[in-house]
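A short worksheet on the structure shown next.
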Amino acid sequence: MKIVVCITGASGVIYGIRLLEELKKENIETHLVISSIAEDIIEYETKYTVDKVKSIADFNYEEKDLNAIINSGSFKFDATIIIPTSMKTLSAISNGYADNSITRVADVTLKERRTLIIVPRETPLRTIHLENMLTISKEGGIILPAMPGFYHKPQSIDEQINFILGKILDILDIDNNLFNKWKQ
């Protein structure tokens, strides 16, 4: 399995970093793009350095490199996960504005009918944000907001993060025990 992970400039970059760590544990090949704003947020919000985050992935690409292999439909990969997804990136994808590696790989993912998971991290949402999400959903993209559940009785922020990561891995049909599934 090959997964493209994109980390954009929204609060919550830890979701993307932890996703890379989980995919590495599963020996899944990862291709990473980090936006320039996300690089700043990584340094601000986490204990990680950008170089450390890049070292977790198998392959790295620059945000502005439209010639990167991931931007071609002939490069076979299974899914793209944009985590977190900024509203700027969401808007660009929704409107087909593929001006960087992140928005281009999302465009390729949708046009090739592969799995695209968008993890928006914004609140509250404007009507245009919701409309952009609807547009992507109508094209087959999966909108998975960073809204952790509480039925598994999380005791830490890490458990709340794991809830979202577990949902992503479930969509990708990757077995995981990151959170206790709903039981009656």
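The values are calculated or read from the model by the stated rules, or taken from the named source; none is laboratory data. The structure presented is a predicted model; accordingly, all values stated were derived computationally and were not measured. With ideal geometry, Cβ positions are generated from the backbone for all residues, glycine too; neighbour counts draw on all protein chains shown. The accessibility values were calculated without ligands, DNA or RNA, using every heavy atom of the protein model including side chains. Shrake-Rupley method; radii C 1.70, N 1.55, O 1.52, S 1.80 Å.
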Have a look at A10, A79, G149 and report the one farthest towards the positive end of the charge dipole of the chain, computed about the Cα centre with Cβ charges (Lys/Arg +1, Asp/Glu -1).
G149
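How much area per residue is accessible in region 9-83 when the probe is 1.4 Å and only protein heavy atoms are counted (Å²)?
Value for region 9-83: 49 Å² per residue.
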For labels at I69 and K47 in the simple 7 Å Cα→Cβ model, what's the distance in nm?
3.4
Using the Cα centre as the reference, give the magnitude of the dipole from point charges on the C-beta atoms of the chain (Lys, Arg: +1; Asp, Glu: -1; all else neutral), rounded to the nearest 20 debye.
440
Distance in nm between M1 and E26 label points, each 7 Å along Cα→Cβ, equals 0.3
Given the peptides 75-84, 128-137, 148-157, 90-99, arrange them by the average over their residues of other C-beta atoms within 10 Å, most packed first.
75-84, 90-99, 128-137, 148-157
Residues of region 100-134 with the amide nitrogen closer than 17 Å to a label point 7 Å from the Cα of N60, along Cα-to-Cβ, please.
101-102
What nm value, rounded to one decimal, do you get for the distance between D158 and D173 when each label is placed 7 Å out toward the C-beta?
3.1
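Within the set of other residues whose C-beta is less than 13 Å from the C-beta of L178, count the net charge using Lys and Arg as +1 and Asp and Glu as -1. Present the calculation step by step, with values, prior to reporting the outcome.
Values: positive: R18, K25, K167, K181; negative: E21, E22, E26, D158, E159, D170, D175.
It works out to a net charge of -3.
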Given backbone amide H placed at 1.01 Å from N, residues whose amide H is under 5 Å from that of V5, ignoring those fewer than 5 places away on the same chain, are H31, L32, V33, I81
Excluding residues fewer than 8 positions from K47 in its own chain, the aspartates and glutamates with Cα under 13 Å of it are E39
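Of all the accessible heavy-atom surface of the chain, with the other protein chains kept in place and a 1.4 Å probe, what percent is carbon and sulfur? It would help to have the intermediate numbers written out before the result.
On the way: 4570 of 9430 Å².
Summing carbon and sulfur atoms, their accessible area is 48 percent of the total for the chain.
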Tell me, what HN-Hα J-couplings in whole Hz come from the Karplus equation 6.51 cos²θ - 1.76 cosθ + 1.60 at θ = phi - 60° for each residue of region 136-148, using x for Gly and Pro?
5, 4, 4, 8, x, x, 9, 9, 10, x, 6, 10, x
I need the phi-derived Karplus couplings for region 51-64: 6.51 cos²θ - 1.76 cosθ + 1.60, θ = phi - 60°, integer Hz, Gly and Pro marked x.
4, 5, 4, 4, 5, 6, 7, 6, 9, 10, 9, 7, 4, 8
Amide H proximity to S86 below 5 Å, modelled H, separation 5+ or other chain, gives T8, G9, A10
Integer Hz, Karplus 6.51/-1.76/1.60 couplings in order for region 150-156, x for Gly and Pro:
10, 5, 8, 6, x, 10, 8
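Length gain on complete extension for the stretch Y151 to D78, per 0.36 nm per residue less the alpha carbon to alpha carbon distance?
Values: separation 73, 0.36 × 73 = 26.28 nm, distance 3.04 nm.
Contour length minus Cα-Cα distance gives 23.2 nm.
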